[in-house]
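Before any comments, here is the structure.
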Amino acid sequence: MMTIHSVTLDDPDYPSLLINDHQAPAKLYYRGSLTALEGPRVAIIGTRRCTHYGRQVATQLGLELAEAGVAVVSGLALGIDGAAHTGALSVGGAPVIGVVGSGLDVVYPLRHRGLWHDVATQGLLVSEAPLGAAPEPWRFPARNRIIAALADAVVVVESHMAGGSNHTVAAAIDRSVPVLAVPGPITSSASAGSNRLLVEGCAPVTEVDDVLMAIGLEARGPRRRRDRRPPPGPAESAVLAAIGWSPSSLESISLRTGTPPAAVAVALTRLEADGWARAVDGWWERRAPPP
Amino acid sequence: MIATVPSATLLGVEGRPVDVEVHVGIGLPGFTIVGLPDAACRESRDRVRAAFLSSKLPWPNRKVTVNLAPSGVRKGGAGLDLAIAVGLLAATGELPDDSIQGHAFIGELGLDGSVRRVSGVVAVVDALDVATVVVPRECTAEAALVGRHDVHGVGSLRELYEVLVGFDVWPDVATTEVSPAPYDGPDLAEVRGQHVGRWALEVAAAGGHHLLLIGPPGSGKTMLAARLPGILPRLAPTQALETTRIHSAAGLAVDGLVARPPFRAPHHGASDVSLIGGGNAAMRPGEISMAHNGVLFMDEMGEFARHVLDGLRQPLEEGVVRVARAKATVVYPARFLLVGAMNPCPCGDAAGPGGCYCSPAERLRYARRISGPLLDRFDLRVLVSRPDVGDLLGGAPGESTAVVAERVAVCRQLAAARGAVLNAHLTGAQLDEFAPLTHAAERVLEHKLRTSALSARGLDRVRRVARTLADLDGAPPAVDEHHVCAALELRAALPRAEAVA
C-alpha cells in the first residue's frame with residue numbers, strides 16, 4: 001500500500017493551481033506525486049452510461065493527449081472517466097491525474113481497483129474526502145469542481161441531458177476554463193448533454209488537435225495532415241485564443257486580451273493573412289486548418 | 001418729400017437688400033406700405049406709429065407711402081421697422097439728409113419705441129453694401145461678425161434719433177466677442193466601456209470620416225453619437241456664419257452665432273424633402289443643410305425609406321445639395337459628418353451571431369435597405385456591443401470629452417497644414433504625397449487587394465483613415481502597418497446579410 005499524504009491550504013506544498021480557487025479544498029489527500037500537476041492538463045469527463053462510441057473516443061483522446069504530453073484529469077468513474085485514463089495509461093507519455101470522491105483508502109468503484117493503483121503510481125490521485133469517507137452521492141459534484149479547477153480545458157465526451165458532467169461544466173465555466181464537447185449522434189440519449197453544449201456554443205472536438213489548440217499547444221498535426229499555416233506569434237496566439245470558438249467582435253477580443261483595439265487589429269490582420277481567422281461582417285472567427 | 005433708406009430682409013439662406021422709400025405728401029392722413037410686404041411687414045405701420053408717439057417724435061398728419069424696392073420680391077418679417085421709421089423722420093425733415101447718408105438700418109420696433117432683435121442678422125447684414133449698419137443692440141456682436149461694416153447698436157428709437165440729429169454720440173459698440181460658450185452637452189466620460197466605439201468616434205471626428213455604428217438595441221449607439229459634436233472643434237468664423245445663416249433661414253431659433261458644430265438627428269420617418277431641402281412655396285433647407293459643418297445622425301438607418309437614403313449620396317460626395325424646382329434652383333451647403341446607427345438585423349440580434357431569429361430573407365431585406373454605394377461612403381463601420389457588465393458597474397470612467405477633443409483638434413490642425421480641410425477629403429494625389437505607405441503596410445494592402453477583400457475605391461478610403469490614425473498616433477510621415485490594419489478593422493462591420501457560422 002502506498003503512502004497517503006495530505007496538504008492543507010497553508011502548506012507550502014499545497015498545489016498552486018488550487019490555492020487561488022474560490023472553492024479551494026481546505027485539506028487535500030493525495031497519492032503519487034504532485035509534480036504531475038506541472039504540465040498541461042486536460043480533463044476528460046462524461047457519463048458512466050456511455051456508448052461504445054463514447055468509450056472509443058475517450059480512450060483515443062486519452063491516448064493521444066498523453067502522447068502529446070498532456071496529463072489527463074478524470075474522476076476514475078465507470079464509463080468515460082475510466083476509458084480516458086485507460087487510454088492515457090496505455091502510453092507512458094505523460095502522468096495521469098485522478099480526482100475521486102471517496103477517501104483515498106476506499107476504492108470506488110471496485111471494478112477500477114487496478115486503474116486506481118495505476119493512476120496513483122504513474123501520476124497523482126487526489127481527494128478532499130477524509131480517509132475512510134464513503135462514496136456518498138453528494139461528494140461527487142464537490143469532486144467535480146476540483147477536476148475543473150485542475151484542468152486547462154474540459155472535454156465532455158458523452159453526457160446525458162441531466163448528468164454529473166453538468167456540474168463539472170458549470171464549475172469550469174465558473175473558472176473560465178474552456179469547455180469542449182465531442183459531437184455525437186442526435187438520436188443518442190448519451191450524447192444529448194454534450195450535443196446541447198455544442199448547441200450552446202461550446203467548441204466541438206473532432207480530433208485531439210482541437211483540444212491541443214484550445215489549451216494553446218501546437219496542434220499535433222503532422223501525423224495525419226500537416227498544418228502548413230505559419231504558426232502565430234505570441235501576440236497573435238493570445239488573440240486567437242481570445243476569439244475562442246464563437247464569432248467575436250473586436251471589442252470583445254480587445255476586452256478578453258486586455259489589449260487596445262488597435263493592437264488587436266494588427267494581430268487579426270496577420271491571423272487572417274495566415275489563414276488562422278477570418279472576419280464575416282465584422283465578426284471574427286477561427287478557421288480550421290486547410291485540408 | 002422723399003427719403004430712401006437701405007435695409008435688407010432674409011430670403012432663404014441669403015439676405016436680400018431692400019431700399020425703403022418713404023414718401024410724405026399731401027392727401028388724407030394715412031399710411032400705406034407697398035412692395036409685396038407679408039403680414040408682419042404690413043403691421044409695421046402700427047408699430048412705427050406707436051413707437052413714434054412713445055418716443056415723443058412728431059407723427060406727420062399727412063399721406064405716407066412706404067415702398068419696399070425692389071417691389072417684385074416678397075418681403076417678410078419685422079426687420080424693416082427701423083428703416084421705415086428712420087425714412088419717415090428723414091422725409092418729414094426731422095433728420096438732416098446727410099445724417100443718414102451711407103447708413104443702413106435693421107431692427108424691429110416695440111410699441112414703446114424700443115428696438116428689438118431680429119433673426120438672421122448675419123445674412124442680412126452681409127447683404128448690405130453700405131459703410132455703416134445700425135442694428136438692435138443685442139445683435140451688435142452678431143452683425144460685427146460680417147466684418148465689412150461699421151456696426152452701431154441702438155436700444156431705442158429715441159436714442160437713435162438723438163444720435164442722428166447730433167445731440168448725442170453713438171453708444172460704445174459692445175466689443176464683447178460672441179462669448180465662446182463652453183461645451184455643455186453630454187460628456188464622453190459617461191460612456192462606459194465601448195472601447196472600439198469611442199475609438200471610432202475619435203477617428204471620425206479627427207479625420208471627418210463618416211461613421212456607421214452597428215449594434216443591438218441598447219448597446220449605446222445613440223449615446224456615442226450624441227457625444228460626437230462635443231469632441232469636434234468649434235466652428236471657424238466663416239463656418240459659423242454659414243451655419244448660422246442656414247439655421248436662421250430654416251426658421252430654427254437662432255440665438256446668436258452657431259459657434260459649435262450642429263447636431264441634427266432626424267427621425268427615420270423623415271421625407272426626402274425634409275432631409276434634402278425644397279418644398280414648393282418657400283424653398284427651405286433640409287436637415288442635411290442644417291447639419292452643415294456639424295453632425296447628421298441617422299438613428300435606425302435601416303428604417304429610413306430607401307430613396308431618402310439614396311438622396312444623401314450626391315451631397316455626401318459634393319458637400320452641397322442642388323434642389324431644383326419649377327420656380328427656382330437652390331444650392332444649399334451640406335458638408336456634414338454622417339453618423340448612421342442600425343441593428344445588425346431586424347430582430348436586433350441582441351444575442352450575437354447565432355442568436356438571431358430572423359429568417360435569412362428578412363436579414364437580407366434589412367441589409368439591402370442601405371445600398372452598396374451609400375454603405376461604401378462610410379469610412380468607418382464598427383460593431384457596437386452591449387458594454388461589459390464590469391464596465392457598467394463601477395468600471396473606471398473613460399476619457400472625458402475635453403481630453404479627446406484636444407487630440408482631435410491637434411489632428412485637424414495637421415490636416416489643415418497639408419492643405420486639405422480634413423483627411424477624409426484627401427485626393428488620390430494628396431494621399432500619395434501625405435500618406436505614403438511603409439513596406440509592411442503595403443504588403444497588408446496588397447494581400448487584401450489580391451484576395452479581393454478590398455476594392456480600388458475602398459483602398460483610398462482605408463488609406464485616408466490610416467492617415468488619420470497615424471495623425472492620432474504621433475503623426476509619423478509614413479503610414480505604418482498597424483495604422484492600415486486598424487483602418488481595415490474599423491470598416492469591417494456590415495449589417496448581417498448572411499448567417500455567421
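For A:Arg113, which of the numbered conditions (1) in a loop (DSSP other than H, G, I, E, B); (2) open to solvent by 40 Å² or more (accessible area, probe 1.4 Å) fails to hold? Here A:Arg113 clears every test but (1).
Here is a yes/no grid of residues against (1) within 28 Å of A:Leu180 (Cα to Cα); (2) part of a strand (DSSP E or B); (3) over 20 Å from the mean Cα position of the chain (by Cα):
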| position | (1), (2), (3) |
| --- | --- |
| A:Met2 | no, no, yes |
| A:Ser6 | no, yes, yes |
| A:Asp11 | no, no, yes |
| A:Leu18 | yes, no, no |
| A:Pro25 | yes, no, no |
| A:Tyr29 | no, yes, yes |
| A:Ala36 | yes, no, no |
| A:Gly39 | yes, no, no |
| A:Thr47 | yes, no, no |
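Screening B:Ala441 on (1) closer than 17 Å to A:Val266 by Cα; (2) open to solvent by 30 Å² or more (accessible area, probe 1.4 Å) shows it passes everything except condition (2). Taking the criterion of being at pLDDT 70 or above and either away from chain A (no Cβ under 13 Å) or in contact with a helix residue (DSSP H, G or I) (Cβ under 6 Å, 6 or more places away or on another chain) (or both), the residues of region B:348-369 that qualify are B:Gly348, B:Ala361, B:Glu362, B:Arg365, B:Tyr366, B:Arg368, B:Arg369. Mind counting the residues in region B:470-480 that are among the small types (Gly, Ala, Ser) and at the interface with chain A (Cβ under 9 Å from one of its Cβ atoms)? Qualifying residue count for the region: 0.
Consider B:His483 carefully, then state whether it is within 14 Å of chain A (Cβ to nearest Cβ) and of a type outside the set (A, V, I, L, M).
So B:His483 fits the description; yes.
Taking the conditions (1) modelled with pLDDT of 90 or more; (2) surrounded by fewer than 21 Cβ atoms within 10 Å (Cβ to Cβ); (3) in contact with a Gly (Cβ under 9 Å, 6 or more places away or on another chain); (4) not acidic (Asp, Glu) in turn, B:Met298 satisfies each one other than (2). Selection of region A:235-262 for residues being within 14 Å of B:Ser385 (Cα to Cα) and among the β-branched types (Val, Ile, Thr) yields only A:Ile253. The single condition among (1) farther than 22 Å from A:Asp210 by Cα; (2) open to solvent by 30 Å² or more (accessible area, probe 1.4 Å); (3) free of Cβ contacts under 8 Å to residues at least 40 places away in the same chain that A:Asp105 does not meet is (3). Within region B:58-76, being of a type outside the set (A, V, I, L, M, F, W, C) and either surrounded by fewer than 23 Cβ atoms within 10 Å (Cβ to Cβ) or out of contact with any Cys (no Cβ under 7 Å at 6 or more places or on another chain) (or both) holds for B:Pro58, B:Pro60, B:Asn61, B:Arg62, B:Lys63, B:Thr65, B:Asn67, B:Pro70, B:Ser71, B:Gly72, B:Arg74, B:Gly76.
Counting only helices (runs of 4 or more DSSP H) that sit completely within region B:406-473, those holding 3 or more residues that are modelled with pLDDT under 90 and under 21 Å from B:Glu318 (Cβ atoms) correspond to B:428-434, B:456-472.
Kindly indicate the residue of region B:445-469 that is more than 18 Å from B:Leu426 (Cα to Cα) and open to solvent by 20 Å² or more (accessible area, probe 1.4 Å) and also nearest to the other protein chains (Cβ to nearest Cβ) among those meeting that condition. Among those that are more than 18 Å from B:Leu426 (Cα to Cα) and open to solvent by 20 Å² or more (accessible area, probe 1.4 Å), it is B:His447.
Which one of A:Thr47, A:Thr86 is surrounded by 24 or more Cβ atoms within 10 Å (Cβ to Cβ) and of a type in the set (Ser, Thr, Tyr)?
Numbers: A:Thr86 fails: surrounded by 24 or more Cβ atoms within 10 Å (Cβ to Cβ).
On inspection, the qualifying residue turns out to be A:Thr47.
Just one of the listed residues (B:Val165, B:Val151) is of a type in the set (Val, Ile, Thr), closer than 29 Å to B:Lys56 by Cα and touching a helix residue (DSSP H, G or I) at 6+ places or on another chain (Cβ under 6 Å), namely B:Val151. In region B:206-227, of all residues being more than 30 Å from B:Ala144 (Cβ to Cβ) and touching a helix residue (DSSP H, G or I) at 6+ places or on another chain (Cβ under 6 Å), the one that is modelled with the lowest pLDDT corresponds to B:Gly215.
Right, B:Val13: in contact with a strand residue (DSSP E or B) (Cβ under 7 Å, 6 or more places away or on another chain), at pLDDT 90 or above and open to solvent by less than 30 Å² (accessible area, probe 1.4 Å) or not? So B:Val13 fails the test.
At pLDDT below 90 and either in contact with a strand residue (DSSP E or B) (Cβ under 6 Å, 6 or more places away or on another chain) or assigned to a loop (DSSP other than H, G, I, E, B) (or both): is that true of A:Leu104 in this structure? It is false that A:Leu104 is at pLDDT below 90 and either in contact with a strand residue (DSSP E or B) (Cβ under 6 Å, 6 or more places away or on another chain) or assigned to a loop (DSSP other than H, G, I, E, B) (or both). The residue pairs whose first member lies in region B:77-102 and is in contact (Cβ under 8 Å) with a residue 60 or more places away in the chain and open to solvent by 10 Å² or more (accessible area, probe 1.4 Å), whose second member is among the hydrophobic types (A, V, I, L, M, F, W, C) and part of a loop (DSSP other than H, G, I, E, B), and whose beta carbons are closer than 6 Å, counting only pairs six or more residues apart or on different chains, are B:Gly79/B:Ile106; B:Gly79/B:Val118. Counting only residues that are assigned to a loop (DSSP other than H, G, I, E, B) and aliphatic (A, V, I, L, M), which one in region B:118-132 is least open to solvent (accessible area, probe 1.4 Å)? Once the filter is applied, the top-ranked residue is B:Leu128. Every test in (1) within 14 Å of chain A (Cβ to nearest Cβ); (2) open to solvent by 80 Å² or more (accessible area, probe 1.4 Å) is passed by B:Glu433 save one, and that test is (1).
The rows are residues; the columns are (1) out of contact with any Gly (no Cβ under 9 Å at 6 or more places or on another chain); (2) surrounded by fewer than 17 Cβ atoms within 10 Å (Cβ to Cβ); (3) within 14 Å of A:Ser74 (Cβ to Cβ).
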| position | (1), (2), (3) |
| --- | --- |
| A:Thr121 | no, yes, no |
| A:Pro130 | no, yes, no |
| A:Ala133 | no, no, no |
| A:Pro141 | no, yes, no |
| A:Ala162 | no, yes, no |
| A:Val177 | yes, no, no |
| A:Thr187 | yes, yes, no |
| A:Ala190 | no, no, no |
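Keeping to region A:16-31, report how many residues are under 21 Å from A:Asp152 (Cα atoms) and open to solvent by 20 Å² or more (accessible area, probe 1.4 Å). Result for region A:16-31: 9. Per the conditions (1) in contact with a Lys or Arg (Cβ under 7 Å, 6 or more places away or on another chain); (2) surrounded by fewer than 18 Cβ atoms within 10 Å (Cβ to Cβ), the sole criterion not satisfied by A:Val73 is (2).
The values are calculated or read from the model by the stated rules, or taken from the named source; none is laboratory data. What you see is a predicted model, and the numbers here were worked out from it, not measured in a lab. Every residue, glycine as well, gets a Cβ built from its backbone with ideal geometry; the counts of neighbours run over all protein chains shown. In case anyone asks, the SASA skips ligands and DNA or RNA and just uses the protein heavy atoms, side chains included. Shrake-Rupley method; radii C 1.70, N 1.55, O 1.52, S 1.80 Å.
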